[in-house]
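Undergrad: Shown below is the structure under consideration.
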Amino acid sequence: MHPLPANENLRLLFWARVREFAVPPSMIESATARRAAGDWAGACAAARVDVDLCVRSLRRAHGGWLAAQVRADLRHLAPDLLRWHFPRIAPDGLLRPGLTVPLARYRAEAGEFHLVARTPPAWADAGQRISLALWSRSGRAAGLHPHPHPDRRYRLDLHRHLWDASRAGELRERSGRWPPDENAIQLPDGVGPCAVDRWMAEAALLLRAEGHTGGVVAVRLTSRHRLLLDLGGGDRTRAAPVLPDAATWVLPDLELLHAGILNVDQLHPLVAAALRPGHRPGAARKPAATGNSRLVECRGATHRIGVVNGVLVPLDHDPEEIRREELLGALGGTELPCLRAIDEAHRSPENLVDVRARLDHGDAAGALATVEGLLGPDVLLRSGALRDELETAVERQLVHGLYRAGLAGYGPPRQSAQDTSHRGHPRHATSL
């Protein structure tokens, strides 16, 4: 791994955590298999994407041309790839809440329509789900969604390679240069790696999409810093369109590869194929340990703990040593790190890094499977934080259902458990 400044290290570790847990391999495999079979709705279900549009109703209401365009885009949609590239916020890397992201734009006789991907507000974000809908300026509002209009900053209609499987190969050309040319432009301190080499080309694409041959485009660097790109010509009196975030920053996957934090096989397969053409996939992801065992640093050596006959035990200590250490612990002495790790796994399994991350990203089934893999399939879950978290997840699913049905009003029906948990941070925190 290349040495990194402290703030860069934290940012890349944030993205590494997102890449490991936010879109699990099982989701990618299931969504890919269904998409390959032509089942776009099944692919969406596998990627926890709700579909709030009906192509048949669209045909009846607005004609065959629009319905055919939308159906073609849905068949090309890789919902797991969309989730991979969707805007996220710190500190947990969750989906940016209350967002409407345009994926495609259609100009029909009945007006202009947008295929959009939406995230619910933070109080209804159980399961970290995304929904698909069709938006039009003359259409009815999107229920209780706080921001139903397509967002100008987070837009993917000009970046189809971030969700369209047939265009995913464009990612390498449009993801920015790494390392970036730091001498190309003077940037404010603390600004992350910018795709400066792509700005002019992406700005020209943006202006053409808006029907202009030239003009000024704004680049948002921070909440207080903006930079103006002058492409010449055009009307200087109109408001400058904002360069989308997807065109502003270098793709984090490039940084992760360069820093040695991830290897190519740990990326989404479509991303890996675009960034490393010709690469032959190897083992998908390096687990922290082999089988259902885990690694523990124990007195200067790396040991394993794992399930034997349904019980979690240390695998690299003989029974006599274990008996002595257990007796030492009963008398108030310091036990082996392996024994302490086993006790901690039983008392607070929610504190295991991968269990906590899966819970944060809405993968309760994956969290339970991880606990069962570590403590055994017949484990009796003790009363404690993990059980409370799972019960809270069920309650939050009910709130999400009420929100989807339009029955929850414009805020949570009551204070949810997350408000007093470790995840009760403001969801409008920073994006990285």
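The values are calculated or read from the model by the stated rules, or taken from the named source; none is laboratory data. If you're wondering where the values come from, they're calculated on a predicted model, not measured in any experiment. Note that we place each Cβ from the backbone using ideal geometry, even for glycine, and neighbour counts take in every protein chain shown. Surface areas here come from the heavy atoms of the whole protein model, side chains and all, with no ligands, DNA or RNA. Shrake-Rupley method; radii C 1.70, N 1.55, O 1.52, S 1.80 Å.
Undergrad: Does VAL101 meet the test of being surrounded by fewer than 17 Cβ atoms within 10 Å (Cβ to Cβ), in contact with a Leu (Cβ under 6 Å, 6 or more places away or on another chain) and in contact (Cβ under 8 Å) with a residue 40 or more places away in the chain?
TA: No; evaluated as a whole, the condition is false for this residue.
Undergrad: Could you tell me which numbered condition LEU339 fails, if it satisfies all but one of (1) outside any loop (DSSP other than H, G, I, E, B); (2) at pLDDT below 80?
TA: (2)
Undergrad: Where residues in region 5-28 are closer than 14 Å to ALA259 by Cβ and surrounded by fewer than 16 Cβ atoms within 10 Å (Cβ to Cβ), which of them is modelled with the highest pLDDT?
TA: LEU13
Undergrad: Is it fair to say ARG358 is among the basic types (Lys, Arg), at pLDDT 80 or above, open to solvent by less than 80 Å² (accessible area, probe 1.4 Å) and in contact with a Ser or Thr (Cβ under 9 Å, 6 or more places away or on another chain)?
TA: yes
Undergrad: Taking region 114-126 on its own, how many of its residues are at pLDDT below 95 and either over 14 Å from the mean Cα position of the chain (by Cα) or part of a helix (DSSP H, G or I) (or both)?
TA: Qualifying residue count, region 114-126: 6.
Undergrad: Let me ask you something else. Quickly run through region 31-78 and pick out the residues that are in contact with a Pro (Cβ under 9 Å, 6 or more places away or on another chain), among the β-branched types (Val, Ile, Thr) and outside any helix (DSSP H, G or I).
TA: Passing the criteria: only VAL49.
Undergrad: Against the definition (under 21 Å from VAL101 (Cβ atoms), touching a residue at least 60 places away in the same chain (Cβ under 8 Å) and surrounded by fewer than 18 Cβ atoms within 10 Å (Cβ to Cβ)), how does ARG152 come out, yes or no?
TA: It is true that ARG152 is under 21 Å from VAL101 (Cβ atoms), touching a residue at least 60 places away in the same chain (Cβ under 8 Å) and surrounded by fewer than 18 Cβ atoms within 10 Å (Cβ to Cβ).
Undergrad: Here is a further query. Is it the case, given these coordinates, that VAL399 is assigned to a helix (DSSP H, G or I), open to solvent by less than 80 Å² (accessible area, probe 1.4 Å), at pLDDT 70 or above and among the β-branched types (Val, Ile, Thr)?
TA: When the stated conditions are applied, VAL399 passes them.
Undergrad: Looking at the structure I just gave you, is LEU144 of a type in the set (A, V, I, L, M) and surrounded by 22 or more Cβ atoms within 10 Å (Cβ to Cβ)?
TA: In short, no.
Every residue, every condition in (1) farther than 24 Å from ALA367 by Cβ; (2) free of Cβ contacts under 8 Å to residues at least 40 places away in the same chain; (3) in contact with a Ser or Thr (Cβ under 8 Å, 6 or more places away or on another chain); (4) of a type in the set (Gly, Ala, Ser), yes or no:
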site	(1), (2), (3), (4)
ARG11	yes, no, no, no
ARG17	no, no, no, no
GLU20	no, no, no, no
THR32	no, no, no, no
ALA37	yes, yes, no, yes
CYS54	yes, yes, no, no
ARG60	yes, yes, no, no
LEU77	yes, no, no, no
LEU81	no, no, no, no
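Undergrad: Check region 277-292 and report whether any residue there is within 19 Å of ARG17 (Cα to Cα), open to solvent by less than 50 Å² (accessible area, probe 1.4 Å), modelled with pLDDT of 85 or more and outside any helix (DSSP H, G or I).
TA: no
Matching residues to (1) closer than 24 Å to LEU206 by Cβ; (2) open to solvent by less than 40 Å² (accessible area, probe 1.4 Å); (3) at pLDDT below 95:
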residue	(1), (2), (3)
TRP40	no, no, no
VAL55	no, yes, yes
ARG71	no, no, no
HIS85	yes, yes, no
GLY93	no, yes, yes
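Undergrad: Restricting the first residue to region 305-333 and requiring it to be free of Cβ contacts under 8 Å to residues at least 24 places away in the same chain and outside any strand (DSSP E or B), which pairs with a second residue that is open to solvent by less than 90 Å² (accessible area, probe 1.4 Å) and small (Gly, Ala, Ser) meet a Cβ separation below 8 Å and a spacing of at least six or different chains?
TA: From residues that are free of Cβ contacts under 8 Å to residues at least 24 places away in the same chain and outside any strand (DSSP E or B), the pairs are LEU315/SER293; LEU315/GLY306; ASP316/ALA301.
Undergrad: Open to solvent by 30 Å² or more (accessible area, probe 1.4 Å) and closer than 27 Å to THR222 by Cα: does that describe GLY190?
TA: Judged against the criteria, GLY190 is a match.
Undergrad: Please count how many residues of region 307-324 are open to solvent by less than 70 Å² (accessible area, probe 1.4 Å), closer than 25 Å to VAL371 by Cα and at pLDDT 80 or above.
TA: Within region 307-324, residues that are open to solvent by less than 70 Å² (accessible area, probe 1.4 Å), closer than 25 Å to VAL371 by Cα and at pLDDT 80 or above number 6.
Undergrad: Taking the residues in region 196-253 that are more than 30 Å from HIS268 (Cα to Cα), aliphatic (A, V, I, L, M) and in a loop (DSSP other than H, G, I, E, B) as candidates, determine which candidate is least open to solvent (accessible area, probe 1.4 Å).
TA: ALA240
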